Amino acid sequence: MAELKCGVENCTYNQDKYCCKGDIMVGGKHADNSCGTCCESFAQRQEGAYTSSLDHACKTISIDCEATKCMYNSNYKCHAEHVDIKGCGACDCQGTECATFREA
Ligand code: SF4
């Protein structure tokens with residue numbers, strides 16, 4: 001499980017830069033740099049919507065990942081200790097990226 005920090009604060013799962021979703025999917029099967037990756041779990045927060053107190057932001061999270069060229073990827077699972085997702089203001093998952101990607 002990776003410690004995840006997320007800068008995509010307009011995502012419905014984002015709570016104080018932590019993710020409430022419990023697990024995420026990172027896309028980018030052909031990625032050879034971080035720009036080619038994205039958080040496929042991104043869901044734009046609806047106007048007026050709020051993160052309910054029932055959603056618990058987790059410091060560590062399970063990450064499934066398609067970016068098999070990344071040095072932290074093993075069997076479509078992320079093994080990085082810490083992961084940064086960025087893409088503040090994204091309106092879809094293509095506006096996000098895994099900033100921790102490092103080509104193996
Ligand atoms: S660090 Fe690598 S393996 Fe982990 S989520 Fe990012 S791209 Fe995938």
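The values are calculated or read from the model by the stated rules, or taken from the named source; none is laboratory data. In this text the structure is predicted, and so the values were computed from the model without any measurement. Every residue, glycine among them, receives a Cβ derived from its backbone with ideal geometry; neighbour counts consider all protein chains shown. Each accessible area value is taken on the protein alone, full model and side chains, heavy atoms only, with ligands, DNA and RNA left out. Shrake-Rupley method; radii C 1.70, N 1.55, O 1.52, S 1.80 Å.
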Identify the residue in region 15-61 that is polar (S, T, N, Q) and at pLDDT 95 or above and, among all such residues, is farthest from Met71 (Cα to Cα).
Ser41
Condition test on Cys91, is it more than 11 Å from the chain's Cα centre (by Cα), closer than 15 Å to Glu3 by Cβ, open to solvent by 40 Å² or more (accessible area, probe 1.4 Å) and among the hydrophobic types (A, V, I, L, M, F, W, C)?
no
